[in-house]
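Beneath this line is the structure, given in structure tokens, with notes to follow.
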Amino acid sequence: MSEELIQQFVSIGLSESKAKETLKNDVLSKTLNELIVETNKHVKTGNGLNKSIGKLVYQTATTIKSQIR
């Protein structure tokens, strides 16, 4: 599962080292994964999320409060 998450995080524009660092934070990695899945449902880019959208998703995951989720 962790290798899949790393690949998913890299696919939105994170470097592999940043993806591995993110994976160490359980809350952040769960939130980021959920946001990626939900965003993929609504954004039709063909190849998944591009890096611009990926940066916004990552920024949202790092700043969102648990009450809002």
Review point. Can you give the net charge of the other residues whose Cβ lies under 15 Å from the Cβ of Glu4, counting K and R as +1 and D and E as -1?
Key: -1
Practice item. Taking 7 Å along the Cα-to-C-beta vector as the label spot, tell me the Asp26-Lys44 distance in nanometres, rounded to one decimal. Key: 3.9
Revision key, fill the gap. Asserting the computed 222 nm helical MRE of the chain (DSSP H runs at least 4 long, -39500 (n - 2.57) per run, divided by residue count, to nearest 500) equals -22000 deg cm²/dmol
Point to revise | Farthest positive-ward along the chain dipole, Cα basis, beta-carbon charges - from Ile64, Gly13, Asn33 | key: Ile64
Point to revise | Net length gained if the chain between Ile64 and Ser52 were fully extended (0.36 nm per residue, minus Cα distance) | key: 2.5 nm
Review point. Accessible area per residue, 1.4 Å probe, Å², for region 1-63: what's the number?
Key: 66
Review point. Tell me, what % of the accessible area of region 17-69 is carbon and sulfur with a 1.4 angstrom probe?
Key: 52
Study note, to complete from the structure: Taking only the alpha-carbon positions of the chain as identical scatterers, the Debye log10 I(q)/I(0) at q = 0.12 Å⁻¹ comes out as -0.27
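The values are calculated or read from the model by the stated rules, or taken from the named source; none is laboratory data. Since the structure is predicted, the reported quantities are computational estimates derived from the model, not experimental observations. Every residue, glycine among them, receives a Cβ derived from its backbone with ideal geometry; neighbour counts consider all protein chains shown. When the accessible area is computed, the model is the full protein with side chains, heavy atoms only, and any ligands, DNA or RNA have been set aside. Shrake-Rupley method; radii C 1.70, N 1.55, O 1.52, S 1.80 Å.
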